[in-house]
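Everything below concerns the one structure shown next.
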Amino acid sequence: MKKVEQTGGSGTEAMAQTGALCYRVTKKRGPEVLLVTSRDTGRWVIPKGWLMKDRSPAEAALREAFEEAGVEGQVAGDLLGLYTYDKVMADKSTQPCIVSVFPVEVARLRGDFPERCQRRRRWFRPAKAARKVAEPELGAILAAFAPQGA
C-alpha cells in the first residue's frame, strides 16, 4: 500500500488521516458500529490511517477497515465529520492528526486480515461506542450516527 506524501510531521502541523465508521443494522439490536482496539494502548478506536496515493479518502478508509478489522463492505455515504487526536509516533513524539470519517456498511467480517493478531474488534450500539472512545469529537460523531434503514 502506498501512502500519500504529506507535508508537516513537525509535531505542530496537523496531518490528514481517513477513518471508517463501520456499521451494520440488525433486526434485533438495530444499528451497531464496529470498534477495534489500538495496537499500542488497547483503547477503542475506529479503523483509520494515512491517505493513500491513487485512492480517494473514502476508498482509503475502506482499505483501513479491511486491514484493521477484516471488514468487507462499501462506503455508504458522504463524509460524516472530522475529529482530531494526537498520534504517538515511534520516537514517542506526538503528531496532531485530523481524521475524515466515512460510513462503511459491513457486508462481512473476515477472520483472516492483516492486523488480526494485533487488535480486538467488537460491535456496540452507537451511544455505547461514543462512551468507549477517548476522543470527544469522535464520540459526538458516533452518538449522532443513525444510518438509513435503521
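The values are calculated or read from the model by the stated rules, or taken from the named source; none is laboratory data. Owing to the predicted nature of the structure, the values given are computational and were not obtained by experimental measurement. Cβ placement follows ideal geometry from the backbone for every residue including glycine, while neighbour counts extend to all protein chains displayed.
Values for this structure:
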{"quantity": "Residue in segment 91-113 that is over 19 Å from ALA144 (Cα atoms), touching a Lys or Arg at 6+ places or on another chain (Cβ under 7 Å), in contact (Cβ under 8 Å) with a residue 24 or more places away in the chain and acidic (Asp, Glu) present", "calculated": "no"}
{"quantity": "Residue in segment 103-122 that is surrounded by the fewest Cβ atoms within 10 Å (Cβ to Cβ), counting only those that are among the basic types (Lys, Arg) and out of contact with any Ser or Thr (no Cβ under 9 Å at 6 or more places or on another chain)", "calculated": "ARG108"}
{"quantity": "Checklist (1) within 21 Å of ALA16 (Cα to Cα); (2) in contact with a Gly (Cβ under 8 Å, 6 or more places away or on another chain); (3) not charged (D, E, K, R) applied to GLY70, failing item", "calculated": "(1)"}
{"quantity": "PRO147 being touching a residue at least 40 places away in the same chain (Cβ under 8 Å) and either within 17 Å of THR41 (Cα to Cα) or part of a strand (DSSP E or B) (or both)", "calculated": "no"}
{"quantity": "GLN148 vs. criteria of a type outside the set (A, V, I, L, M), over 12 Å from LEU35 (Cβ atoms) and at pLDDT 95 or above", "calculated": "no"}
{"quantity": "Failed item, numbered, when THR26 is tested on (1) surrounded by fewer than 12 Cβ atoms within 10 Å (Cβ to Cβ); (2) at pLDDT 95 or above", "calculated": "(2)"}
{"quantity": "Any strands (runs of 3 or more DSSP E) falling wholly within segment 59-118 and containing at least 3 residues that are more than 12 Å from the chain's Cα centre (by Cα), on the phi < 0 side of the Ramachandran plot and at pLDDT below 95", "calculated": "81-88"}
{"quantity": "Total residues in segment 35-58, condition aliphatic (A, V, I, L, M), closer than 23 Å to GLY139 by Cβ and either in a helix (DSSP H, G or I) or in contact with a helix residue (DSSP H, G or I) (Cβ under 6 Å, 6 or more places away or on another chain) (or both)", "calculated": "3"}
{"quantity": "Identity of the residue in segment 39-59, touching a residue at least 12 places away in the same chain (Cβ under 8 Å) and β-branched (Val, Ile, Thr), that ends up surrounded by the fewest Cβ atoms within 10 Å (Cβ to Cβ)", "calculated": "VAL45"}
